[in-house]
Every structure is written in structure tokens, then in C-alpha cells.
Amino acid sequence: MPTILIKDDLRRSVEAATGGQMTVLYTATKQPTYMNVFYRQNLEDIDPELGTGVDPAFIVNGVEKSELFIGAYPGIVKNGELISLPGVDPAASRNFDSFLTAARACGPGFHLVTNAEWMAIARWCRKNGFMPRGNSYYGRSSDVPLETGRRVDGAAAGTTTGTPRTLTGSGPMAWRHNNTAGGISDLCGNVLEWAPGYRLMDGEVQIIPNNDAAAHTIDLSRTSTLWKAIRASDGALVAPGTAGTLKYDGIVAGNTGQHGAPRLSDTVTIRHGDAGQDSGAGYAFGSFESLSVKEGLNVPNIARILGIAPPGAGLGSDGIWVRNFGERLLLAGGSFNDGSSAGVFARYLPYARTYVSGAVGARPAFFL
């Protein structure tokens with residue numbers, strides 16, 4: 001079991017320096033991992049239009065949690081465990097299942113930050129009027145170029161060659177979720193982060209209910225029977241393949257050299273992907289805030305809560321990428337070369353779980 005109750009000198013110093021926003025937990029092999037404490041929130045306190053009751057991010061296997069512990073930084077894999085440390089090169093070039101294994105190796109309660117958790121943080125940022133920036137242009141912010149982090153290859157920020165990842169937490173306070181030194185770093189850009197609990201299967205939206213994707217032994221495999229589709233008419237969770245469930249359709253662009261845009265629908269008539277791609281491009285892309293919705297389609301609150309549809313305005317130019325053929329797992333936040341399309345509300349769904357890239361990483365989390 002991880003050690004969470006004993007305060008050593010490191011934990012005391014981190015908590016004192018951040019006013020208790022950040023703490024240090026210890027993994028199964030006693031490695032330190034820096035975590036932010038994110039307290040339970042109710043939907044009506046964040047956005048009354050989304051409903052009432054406890055945010056589903058704080059419900060795991062039917063049990064409400066008073067707080068979550070979110071990795072303060074994108075993770076690194078050390079001694080087989082995914083841990084959160086400042087001032088290091090974030091792990092990349094691993095597929096989803098490799099990162100999942102490393103997160104669970106830390107011990108019971110440890111997991112990859114889930115989509116439900118990520119969206120709870122993103123909606124908190126929106127509610128509090130601050131959308132964090134980050135490494136969205138090769139070591140600097142595309143929106144505020146004077147904001148830079150330390151590139152892992154030592155090159156100048158903005159250099160489009162080399163390895164443009166920045167050392168974790170090396171950017172300014174504006175790169176943290178609450179614009180303070182004790183906030184969660186690098187949610188915008190740097191590396192895309194696997195965020196389990198949400199996927200597309202041939203364009204159909206499928207989720208793991210509440211925050212059950214955080215459970216230590218839950219089956220997140222392609223063939224898991226725990227995946228549920230969402231019926232558009234009333235938001236009910238139903239078996240995949242049920243008629244009338246939420247899906248991502250495509251919109252063909254003006255010519256076959258363009259991607260086109262995604263559309264939330266209850267049918268798939270235009271595919272973007274490995275086969276049957278009508279637009280001549282591998283994925284659909286657009287602004288998440290301006291996501292098209294099929295005329296007359298009901299968008300249930302669960303879709304807005306989980307970032308399947310935008311929760312409202314004020315999301316900036318954060319983008320959404322969709323490939324609606326095959327299984328596509330969510331990557332969140334954008335990467336070092338996504339420019340203004342990166343952000344806490346960026347939704348990236350073009351890749352299978354086997355995808356590996358130097359722009360893709362993951363972040364640990366923990367619950368009691």
C-alpha cells in the first residue's frame with residue numbers, strides 16, 4: 001500500500017511551500033510522487049445548467065470520495081511506476097496499456113487521470129475564470145510567446161526541430177491550473193495525455209460510468225463489457241450498438257484535401273479514418289466550443305459533463321480531433337505543436353490504444 005499519512009521532511013516542505021495545495025505520496029516501492037489535492041465539488045456549484053449532485057469524478061464504484069489526488073506534473077516512468085516529479089522530461093513514446101500498467105504498479109488507488117477527473121478540473125478552471133496556458137509552440141505558449149519553459153533538449157523556445165518537450169513545471173504560473181505556484185502544471189500542451197474512461201468505437205461514444213475508470217482492477221480493454229453508450233434522447237447508459245446513441249459523424253470539407261469537421265449526431269453517415277474516409281483526410285478537426293450538433297439532436301447533460309459536447313462558452317480555441325473508424329481512446333490537453341488548439345478542453349480522438357509518439361504521455365492520480 002502507498003504511504004500517505006506519514007509526514008516526512010519532503011512532504012512537509014512541499015505542503016508548506018504550496019499552502020497545502022500540493023502534497024507528496026509514496027508508491028508501493030516508496031518512490032515520492034507530487035500530487036495536488038482536488039476537493040469534491042457539486043455540479044450546481046460549478047455550472048447549474050449541468051444539473052445537481054456530486055460531480056461524477058468523485059464517485060468510484062458507487063462510493064463518493066471527498067478528494068482526489070491529481071499528479072502535479074505529467075508523469076515519468078521510474079522503476080516501472082508512473083510518478084509525478086518536477087523538473088524532469090515527461091515520459092512519452094509509450095502506448096495506453098503501457099502507461100496504465102505503470103500507473104497501477106504504484107499500488108491500489110493509483111491510476112491514470114481519467115476523463116471524468118480531467119473534465120472536473122477543466123470545468124473548475126472555466127468556473128474560476130482562468131484557462132491555463134502551456135507549451136503549445138515548441139517550448140513556449142502560442143498565445144503569449146514570452147511565456148516559456150525549459151526545453152529538454154536545451155534549445156531555444158520556438159525552435160521547431162529537436163525535442164520540444166519542456167521539463168515538468170518549468171513554465172510560469174500561468175501554466176498551472178489556478179495561476180499559482182501550487183497549481184497543477186502542464187494541462188495545456190507539452191504532451192497529450194491518455195485519459196481513460198471515454199472512447200469512440202466506430203464513431204459511437206462509449207464511457208465507463210462515473211469515475212469507475214479509476215478503479216485499480218477495472219477492465220479497460222477493447223473487449224471489456226463495462227463500456228456503455230449514451231442514448232441521446234434521455235442520457236441513459238445503454239449497451240453499445242443500441243439505436244439512437246451519441247456518435248461523432250463527419251462533415252465533408254469543400255475539397256478532398258481538407259479534413260472537414262466533426263459533428264455530434266445519433267448516426268454515422270460520413271467516416272473519417274482508416275477506411276471509408278470520404279473527405280480524403282484521416283480525421284475531422286474543429287473548435288470544440290463550436291462543435292456542430294445534428295439538427296434536432298438532444299444533447300444530455302452527461303455529454304457536457306464528460307466533454308463529449310462543450311459545457312458552454314468561454315473555451316477559447318481549444319480543438320477537437322475525431323477519427324470515427326475503429327477504437328479511438330481519448331488524449332487530452334494538446335501537445336507542444338498544437339498551437340492555439342491546445343488547452344484544458346482540447347479533445348483528441350484520432351488514435352488507437354497502440355499509438356506511440358514523442359508528443360504523447362500520461363499523468364498519475366490517486367484516490368483513497
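The values are calculated or read from the model by the stated rules, or taken from the named source; none is laboratory data. Please read all numbers here as calculations on a predicted model, not as lab measurements. Neighbour counts are summed over all protein chains in view; Cβ atoms, including those assigned to glycine, are modelled from backbone coordinates with ideal geometry. The protein model used for the area step is the full one, side chains on, heavy atoms only, and it has no ligands, DNA or RNA in it. Shrake-Rupley method; radii C 1.70, N 1.55, O 1.52, S 1.80 Å.
Over the chain, Cα pairs under 8 Å with separation of 6+ residues give a relative contact order of 20 percent.
Other residues whose C-beta falls under 11 angstrom from the C-beta of residue 40 contribute a net charge of -3, scoring Lys and Arg +1 and Asp and Glu -1. Taking Cβ atoms as reference points and 15 Å as the exclusive limit, the residues near residue 178 contribute a net charge of +4, counting Lys and Arg as +1 and Asp and Glu as -1. What the chain shows is 36 Å² of accessible area per residue, with the surface traced by a 1.4 Å probe over protein heavy atoms. Considering all alpha-carbon pairs of the chain, what whole percent are spaced by more than 33 angstrom? The proportion of pairs with Cα distances above 33 Å equals 23 percent.
For the chain, the longest principal axis of the alpha carbon atoms and the long axis of helix 115-127 meet at an angle near 80°. When only Cα pairs below 8 angstrom with a gap of at least 6 residues are kept, the range 37-125 shows a relative contact order of 22 percent.
Tell me, what % of the accessible area of the chain is carbon and sulfur with a 1.4 angstrom probe? After summing per-atom areas, the C and S share lands at 51 percent.
Summing Cβ point charges (Lys, Arg +1; Asp, Glu -1) relative to the Cα centre of the range 1-91 gives a dipole of roughly 540 debye.
Positive-end ranking of 184, 241, 209 along the dipole of the range 183-257, with charges on Cβ about the Cα centre, is headed by 241.
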